[in-house]
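Trainee: I'd like to ask you about the structure that follows.
The values are calculated or read from the model by the stated rules, or taken from the named source; none is laboratory data. These numbers were taken from a predicted model, which means no experiment stands behind them. Don't worry about glycine lacking a Cβ; one is built from the backbone with ideal geometry, like all the others, and counts go over all protein chains shown.
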Amino acid sequence: MSNVFIAFQANEESRPIVDSILADNPAAEAVYSPGLVKIDAPNRLVVNRETIEEEIGRDFDLQELHINLVTLSGHIDEDDDQLTLSWDH
Amino acid sequence: MDTAVKKKKLGLKPRYRAMTRGLDWQTSYQDMDKIFPYDKYEGIKIHDWDKWEDPFRLTMDAYWKYQGEKEKKLYAVIDAFAQNNGQLGVADARYVNALKLFIQGVSPLEYCAHRGFAHAGRHFTGVGARVASQMQSIDELRHYQTQVHTISNYNKYFNGMHKNIHWFDRVWYLSVPKSFFEDAMTGGPFEFLTAVSFSFEYVLTNLLFVPFMSGAAHNGDMATVTFGFSAQSDESRHMTLGIECIKFILEQDPANVPIVQRWIDKWFWRGYRLLSLVAMMQDYMLPKRVMSWKEAWEMYAESNGGALFKDLARYGIRPPKGWEDACEGKDHISHQAWNTFYNYNAAAPFHTWTPNAEEMDWLSEKYPDTFDQYYKPRFEYFGKKHKEGERFYNTTLPMLCQICQIPMVFHEPGDPGAICYRETDHDGDKYHFCSDHCKEIFTNEPEKYVQSWLPVHQIYQGNCFPEGTDPTVEGFDPLAAVLDYYEIEVGRDNFDFADSEDRKNFREWNGGVEEEVSP
């Protein structure tokens, strides 16, 4: 099984997003380096709009992720509620 | 009066379809093949362009919105950096040389990519691919512009940045990135996508932007880390496009598989050779280090690339032919590249140096199997000679590889004590290569690569002197004439950091504080 990852600029906008991802993906781990936070997860990682909205207390459009996104790996599936990274087919 | 009901917007998936489908038309009074002359000759068969899907489902309206937001953030930082003399806050002035290499060798590639995607987008008959190429073309133009705007603040204070475009077209080592991209741009649109979107962006670009930009942050360069990560947020879209386009092409027709495999073999190796410059930036040019080239290679190439090729195996795609040699090279290439620039620093408009004692220790620790044995003694010797007033500058011209255009400095895989040489005959002439993989690229397309503009050959043919130069006059100094043609300011742009104006100035601006440099 391979890892997938997603990385963001380490800033205040990303912090609640990172927290939400870690809450929704118990197997995920965040690794910090200067300016950057990278989240690794075995095979699959899910970003939920609802969790982020609860965390930040306002509406959130998942495409806002693009502003602080640095890099990612795996196949992407995105709709209005969820962004999934995985090596599944 | 009725309460106004907010009309529900289209969801992501229907919006994507509405904005990327049905925008094209079949031509009537001209033949489609005449209007799209490049989409068939490479042999790639596409049966249903409608299967093309951008997984992010980004549409032009959302694109402008988020790009605008990114720009506002970035330019606020650039302004703040300039207003607050951010250039004085970098770890030490050696760091700025990494930026010189960036503006000389990387930024012009962004502009090439802008042109390349505009061209590819024009020549695909599928609308989804055209929209994606259009966005990427605009992204790449933005990257070139934001890099120039950011680094222009440094250009006010430091040497080696003032002629980047002039140098890109002339200076010997810049033919390495230039020829890489011109090779991609002169392929067909499908090869271009495989080369740039997949092999470079998806497999290799993390190595350039992620650890290096983290390094910029670590070295106090707020402006560069911001443009770097701002560009990288676009890159994550480009990478996604890269993997999608490969899957799309492979799923369209089984006959596409061997064509794509050969392109992956070729472009992985071309990209890997190009990244020798990045390896050296990471191990030698960041005064404060985040991770070694070897660690970055293991994290982003071996583990991530491994997962990718395991996944692509179901299409019948195997890892690129050069994969094992590239992994073997992780212990060596940064040292070999830095040694080369140290040698030829009289002809390069940035500064080099020997690592100081603490940096030598770091390199020994990060490269326990190779640094002490093969590379440290060279740098110690160079440092000793410099202290004795005999800084070594190599004034002879090296033999170049016909494909990657890098001097023949790489080792024979498995034998670090030997230089790797390969050669072949074509049409009565002999051609030289740095590796089996560069040689194979040549033998697959000799008609293309016999035309390579090799800087060393051009100098020997007399094509790199200022107009009107007479090389037959007594006392003619060819190196001086070449530097004059390059428009390098001798004594300011080139030579060792220890003796540089940059170093002297930086020390004065910072109240005479001495940095830890060697010798």
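Trainee: Would you confirm whether or not the range B:324-340 contains a residue that is within 14 Å of chain A (Cβ to nearest Cβ) and not in a helix (DSSP H, G or I)?
Mentor: From the range B:324-340, those within 14 Å of chain A (Cβ to nearest Cβ) are none; that's our starting set.
So far as the range B:324-340 goes, no, none of its residues is within 14 Å of chain A (Cβ to nearest Cβ) and not in a helix (DSSP H, G or I).
Trainee: Take the range B:287-320 and flag every residue that is part of a loop (DSSP other than H, G, I, E, B) and either surrounded by fewer than 18 Cβ atoms within 10 Å (Cβ to Cβ) or within 14 Å of chain A (Cβ to nearest Cβ) (or both). If you could, list the steps in order and put the result at the bottom.
Mentor: Within the range B:287-320, the subset part of a loop (DSSP other than H, G, I, E, B) is B:287-292, B:316-320.
B:Pro287, B:Lys288, B:Arg289, B:Val290, B:Met291, B:Ser292, B:Gly316, B:Arg318, B:Pro319 - these are the residues of the range B:287-320 that are part of a loop (DSSP other than H, G, I, E, B) and either surrounded by fewer than 18 Cβ atoms within 10 Å (Cβ to Cβ) or within 14 Å of chain A (Cβ to nearest Cβ) (or both).
Trainee: Looking at the range B:275-284, is at least one residue closer than 22 Å to B:His437 by Cα, in a helix (DSSP H, G or I) and within 14 Å of chain A (Cβ to nearest Cβ)?
Mentor: No, the range B:275-284 contains no residue that is closer than 22 Å to B:His437 by Cα, in a helix (DSSP H, G or I) and within 14 Å of chain A (Cβ to nearest Cβ).
Trainee: Considering the range B:236-250 alone, what residues qualify as being surrounded by fewer than 23 Cβ atoms within 10 Å (Cβ to Cβ) and of a type in the set (Val, Ile, Thr)?
Mentor: Scanning the range B:236-250 gives a single hit, B:Ile243.
Trainee: Given the criterion in contact with a Gly (Cβ under 6 Å, 6 or more places away or on another chain), touching a residue at least 60 places away in the same chain (Cβ under 8 Å) and of a type outside the set (A, V, I, L, M), identify the matching residue among B:Gly105, B:Gly126, B:Gly89, B:Gly116. Reasoning before the result, please.
Mentor: Working: B:Gly105 fails: in contact with a Gly (Cβ under 6 Å, 6 or more places away or on another chain); B:Gly126 fails: in contact with a Gly (Cβ under 6 Å, 6 or more places away or on another chain); B:Gly116 fails: in contact with a Gly (Cβ under 6 Å, 6 or more places away or on another chain).
Matching residue, one of B:Gly105, B:Gly126, B:Gly89, B:Gly116: B:Gly89.
Trainee: How many residues are surrounded by fewer than 19 Cβ atoms within 10 Å (Cβ to Cβ) and modelled with pLDDT under 90 when one looks only at the range B:40-54? Spell out the reasoning first.
Mentor: From the range B:40-54, those surrounded by fewer than 19 Cβ atoms within 10 Å (Cβ to Cβ) are B:40-43, B:45, B:47-51, B:53; that's our starting set.
Still in the running and modelled with pLDDT under 90: B:53.
The total comes to 1.
Trainee: Could you grab me the full set of residues in the range A:1-29 that are of a type in the set (Ser, Thr, Tyr) and closer than 12 Å to A:Leu69 by Cβ? Even if it seems obvious, please write down each step before you answer.
Mentor: Step one: list which residues in the range A:1-29 are of a type in the set (Ser, Thr, Tyr), which gives A:2, A:14, A:20.
Matches in the range A:1-29: A:Ser14 only.
Trainee: Pairs under 6 Å by beta carbon, first residue closer than 20 Å to B:Val210 by Cα and within 10 Å of chain B (Cβ to nearest Cβ) in the range A:32-53, partner outside any strand (DSSP E or B) and not aliphatic (A, V, I, L, M), six or more apart or different chains?
Mentor: Partner pairs satisfying both residue conditions: A:Ser33/B:Ser214; A:Pro34/B:Ser214; A:Pro34/B:His218; A:Gly35/B:Ser214; A:Leu36/B:Ser214.
Trainee: Here is a further query. For the range B:469-481, check the following and say yes or no: at least one residue is among the charged types (D, E, K, R) and part of a helix (DSSP H, G or I).
Mentor: Initial filter on the range B:469-481 (among the charged types (D, E, K, R)): B:470, B:474, B:477.
From what's left, part of a helix (DSSP H, G or I): none.
No, because not a single residue in the range B:469-481 is among the charged types (D, E, K, R) and part of a helix (DSSP H, G or I).
Trainee: Suppose the filter is within 12 Å of chain A (Cβ to nearest Cβ) and in contact (Cβ under 8 Å) with a residue 12 or more places away in the chain; does B:Lys13 pass it?
Mentor: Details: within 12 Å of chain A (Cβ to nearest Cβ): yes; in contact (Cβ under 8 Å) with a residue 12 or more places away in the chain: yes.
So B:Lys13 passes the test.
Trainee: Do we have any residue at all in the range B:443-465 that's more than 21 Å from B:Gly160 (Cα to Cα) and over 29 Å from the mean Cα position of the chain (by Cα)? Full working, then the answer.
Mentor: Let us first name the residues in the range B:443-465 that are more than 21 Å from B:Gly160 (Cα to Cα), namely B:443-454, B:456-463.
Of the ones still in play, those that are also over 29 Å from the mean Cα position of the chain (by Cα) are none.
Looking for residues that are more than 21 Å from B:Gly160 (Cα to Cα) and over 29 Å from the mean Cα position of the chain (by Cα), one finds none in the range B:443-465, hence no.
Trainee: Would you pick out the residues in the range B:7-48 that are outside any loop (DSSP other than H, G, I, E, B) and charged (D, E, K, R)?
Mentor: Step one: list which residues in the range B:7-48 are outside any loop (DSSP other than H, G, I, E, B), which gives B:12-20, B:32-35.
If the condition is that a residue be outside any loop (DSSP other than H, G, I, E, B) and charged (D, E, K, R), then B:Lys13, B:Arg15, B:Arg17, B:Asp33, B:Lys34 are the ones that fit.
Trainee: Against the definition (more than 7 Å from chain B (Cβ to nearest Cβ) and surrounded by fewer than 16 Cβ atoms within 10 Å (Cβ to Cβ)), how does A:Asp79 come out, yes or no?
Mentor: Values: more than 7 Å from chain B (Cβ to nearest Cβ): no; surrounded by fewer than 16 Cβ atoms within 10 Å (Cβ to Cβ): yes.
So A:Asp79 does not fit the description; no.
Trainee: Answer yes if at least one residue in the range B:467-480 is touching a residue at least 12 places away in the same chain (Cβ under 8 Å) and crowded, with 18+ Cβ neighbours inside 10 Å, and no otherwise.
Mentor: First, the residues of the range B:467-480 that are touching a residue at least 12 places away in the same chain (Cβ under 8 Å): B:469, B:478-479.
From what is left, the residues that are crowded, with 18+ Cβ neighbours inside 10 Å are none.
Within the range B:467-480 (the criterion being touching a residue at least 12 places away in the same chain (Cβ under 8 Å) and crowded, with 18+ Cβ neighbours inside 10 Å), the answer is no, since none of the residues qualifies.
Trainee: Which fully enclosed helices (runs of 4 or more DSSP H) of the range B:156-262 have 1 or more residues being touching a strand residue (DSSP E or B) at 6+ places or on another chain (Cβ under 7 Å) and within 11 Å of another protein chain (Cβ to nearest Cβ)?
Mentor: Values: elements: B:164-168, B:175-185, B:189-192, B:205-218, B:222-252.
Of the helices (runs of 4 or more DSSP H) lying wholly inside the range B:156-262, those with at least 1 residues that are touching a strand residue (DSSP E or B) at 6+ places or on another chain (Cβ under 7 Å) and within 11 Å of another protein chain (Cβ to nearest Cβ) span B:205-218, B:222-252.
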